[in-house]
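Take a look at the structure below.
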Amino acid sequence: MNEPNASPTRDSTTSSEREWADHAIRTITAENNRSADTHLYSIPLPTQWGIELYVKDESTHRSGSLKHRLARSLFLFGLVNGWIKEGTTIVEASSGSTAVSEAYFARLLGLPFVAVMASSTSPEKIALIEDFGGSCVLVEHASEVYAAAEKVAAATNGHYMDQFTYAERATDWRGNNNIAESIFQQLSMEQHPVPEWIVVGAGTGGTSATIGRYLRYHNHASKLLVVDPENSAFYPGWLGASEPAGLPSRIEGIGRARLEPSFVPSVIDAMIQVPDAASIAAMRHLHELAGFHAGPSTGTNLWGVWQTIAGMIAEGRTGSIVTLMCDGGDRYAGSYFNEGWLAARQLDPTPHQATIAEFFATGRWPAAGV
């Protein structure tokens, strides 16, 4: 007689780890369920242009930036893969905002967190990481953060999140409440519910990859414009350079000195490289135009938006454009909003402010501003 199949044994350690991971995933999901979506604001433009501009304000997340979405996805990705366990030290290489958001989620799960960042990172971001219970390791050059993070993770037997590798795959680009799905849901009752363009920057490349894939998967006619700071490797990488070499970005949160693994050039319809001082001019102009106090990467987005609108006007096209407010200006009080700091780095937004003023007066993009 055949004996009944024996039930598989259940290791108590594995069972305990699974129970903790289940609780951690439920905790993160519950946090998301308690959170309202971020606002999609309509920005006033001259009515004769026939163009509607919407800015999705990602600064209202609990951790204060667009990277809140990425951090949530990275934690869930690490948990379902079994990389993050109870007591695991979380380590990240960051320019600041992702580290702030990851520190928030690490505290939510009771995990230690270490951010590895360049010493040029704004003091406001460092303070926010520490306020959420994290600690910071500062290196002299931005190019050193990757190796330094790996060393910290090895020394602490921790988990290196590695946003620059996993950002494009941790978020479900098909939907599941990603930022692209949220944008289209919020536009559904507008005059132009399918935007002509969505304009974003690239830090890891995760947001542009998610939006670009979503547009194609759902057969939306919208095009994706990615704006890039001067000297970043992303723009020449998109143009086809096999091994583009850039410099550390002066616009915190976007632009990289190397082509990051999460950057997916093939889903991008157009790219514009933006002068750093122009990003600052556009950041300041947003406050004058709509009262929003945003950071410099939002200014980079807007410089691309103004050029895109000028092109639509010249071609007689109407429609809508969507961009992101990535984080708030309070994180940069001692840097991008400090005249002495700008002067020391030879960043003069004045000529670019004149370009924006001429554009709003005429609807045309001045040749000197291109």
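The values are calculated or read from the model by the stated rules, or taken from the named source; none is laboratory data. Given the structure is predicted, the values throughout are model-derived calculations rather than measurements. Every residue, glycine as well, gets a Cβ built from its backbone with ideal geometry; the counts of neighbours run over all protein chains shown. These accessible areas exclude ligands, DNA and RNA; they are computed on the full protein's heavy atoms, side chains included. Shrake-Rupley method; radii C 1.70, N 1.55, O 1.52, S 1.80 Å.
State the Cα centre-to-centre distance between segment 282-321 and segment 104-183 in whole Å.
The distance from the Cα centre of segment 282-321 to that of segment 104-183 comes to 29 Å.
Using protein chains only and a probe of 1.4 angstrom, how many square angstrom of ARG169 are accessible, to the nearest 10?
110
So what's the back-of-envelope 222 nm ellipticity for the chain, counting only DSSP H runs of four-plus at -39500 (n - 2.57) apiece and dividing by all residues, rounded to 500? It would help to have the intermediate numbers written out before the result.
Numbers: 13 runs with 158 residues, N = 370.
It lands at -13500 deg cm²/dmol.
Specify the residue with the greatest mean-square fluctuation among SER208, SER262, SER242, computed from a Gaussian network of the chain linking alpha-carbon atoms under 10 Å apart.
Sorting by GNM fluctuation, first place goes to SER242.
Using 0.36 nm per residue, how much length does the chain from ARG317 to GLN185 gain when fully extended, once their Cα-Cα distance is taken away? Intermediate values should be presented prior to the final figure.
Numbers: separation 132, 0.36 × 132 = 47.52 nm, distance 2.35 nm.
So the extension gain works out to 45.2 nm.
Summing Lys, Arg as +1 and Asp, Glu as -1, what charge do residues with Cβ under 15 Å from the Cβ of GLY237 carry, GLY237 excluded?
Values: positive: ARG256, ARG258; negative: GLU168, ASP228, GLU230, GLU243, GLU260.
It works out to a net charge of -3.
Can you classify segment 1-139 as rounded, prolate or oblate using the Cα gyration tensor, where a ≥ b ≥ c are the square roots of its eigenvalues, rounded means a/c under 1.5, and otherwise it's prolate if a/b beats b/c and oblate if not? Please report the intermediate quantities before stating the final value.
On the way: a/c = 3.47, a/b = 1.70, b/c = 2.04.
Oblate, because a/c is 1.5 or more while a/b does not exceed b/c.
So which GluC sites (Glu not before Pro) in segment 245-328 are both in a DSSP loop and have at most 14 other Cβ atoms within 10 Å of their Cβ? Walk me through the numbers before you get to the answer.
Details: sites: GLU252, GLU288, GLU315; in loops: GLU252, GLU315.
For GluC sites (Glu not before Pro) across segment 245-328 that sit outside H, G, I, E and B with at most 14 neighbouring Cβ atoms in 10 Å, the list reads GLU315.
Between ASN32 and GLU243, what is the spin-label point distance in nm, taking each point 7 Å from the Cα along the Cα→C-beta axis?
3.9
What is the angle, in °, between the Cα long axis of helix 67-80 and the longest principal axis of the Cα atoms in the chain? Nearest 10 is fine, range 0 to 90.
20
Given a 10 angstrom Cα cut-off, can you work out which residue in ALA209, ALA99, ALA153 is the most mobile in a GNM of the chain?
Residue with maximal mean-square fluctuation among ALA209, ALA99, ALA153: ALA153.
For the pair THR165 and HIS287, what calculated FRET efficiency results from E = 1/(1 + (r/R0)^6), where r is the Cβ-Cβ distance and R0 = 45 Å, to the nearest 0.05?
Working: r = 35 Å, r/R0 = 0.79.
That pair, HIS287 with THR165, gives E of 0.80.
Taking every pair of distinct Cα atoms and averaging 1/r, then inverting, what Kirkwood hydrodynamic radius in Å comes out for segment 66-167? Before the final figure, lay out the partial values.
Working: mean 1/r = 0.0767 Å⁻¹.
Hydrodynamic radius (Kirkwood, Cα only) of segment 66-167 equals 13.0 Å.
How far, in degrees from 0 to 90, does helix 296-314 lean away from the longest principal axis of the Cα atoms of the chain, to the nearest 10?
Rounded to the nearest ten degrees, it is 50.
Only bridges with both residues in segment 66-167 count here: give the DSSP antiparallel percent, nearest 5.
On the way: 0 of 11 bridges.
Percent antiparallel among DSSP bridges in segment 66-167 is about 0.
Say a paramagnetic label sat at a point 7 Å from the Cα of THR47, along Cα to Cβ; which residues of segment 166-196 have their backbone N under 13 Å from it?
From segment 166-196, the list is empty.
Relative to the longest principal axis of the chain, what angle (0 to 90°, nearest 10) does the C-alpha long axis of helix 12-34 take?
30
I'd like the accessible area for LYS85: 1.4 Å probe, protein heavy atoms, all chains in place, Å² to the nearest 10.
The accessible area of LYS85 comes to roughly 80 Å².
Tell me, how many Å apart are the Cα centres for segment 324-370 and for segment 231-251?
Cα centroid of segment 324-370 versus Cα centroid of segment 231-251: 22 Å apart.
Sort segment 213-370 into rounded, prolate or oblate with this rule: let a ≥ b ≥ c be the square roots of the eigenvalues of the Cα gyration tensor; rounded if a/c is under 1.5, and if a/c is not under 1.5, prolate when a/b is larger than b/c, oblate otherwise. Working shown, then result.
On the way: a/c = 1.62, a/b = 1.11, b/c = 1.46.
In terms of gyration-tensor shape, oblate.
Can you work out the FRET efficiency for the pair GLU358 and GLU17, with r the C-beta to C-beta distance and R0 = 56 Å, to the nearest 0.05? Write out the running numbers ahead of the final one.
Details: r = 61 Å, r/R0 = 1.09.
Plugging the Cβ-Cβ distance into 1/(1 + (r/R0)^6) gives 0.35.
Between ARG174 and HIS141, what is the label-point separation in nm under the 7 Å Cα-to-beta-carbon projection?
4.3
Three principal axis extents, largest first, for the C-alpha atoms of segment 245-293, in Å?
Principal-axis extents of the Cα atoms in segment 245-293, largest first: 37, 24, 15 Å.
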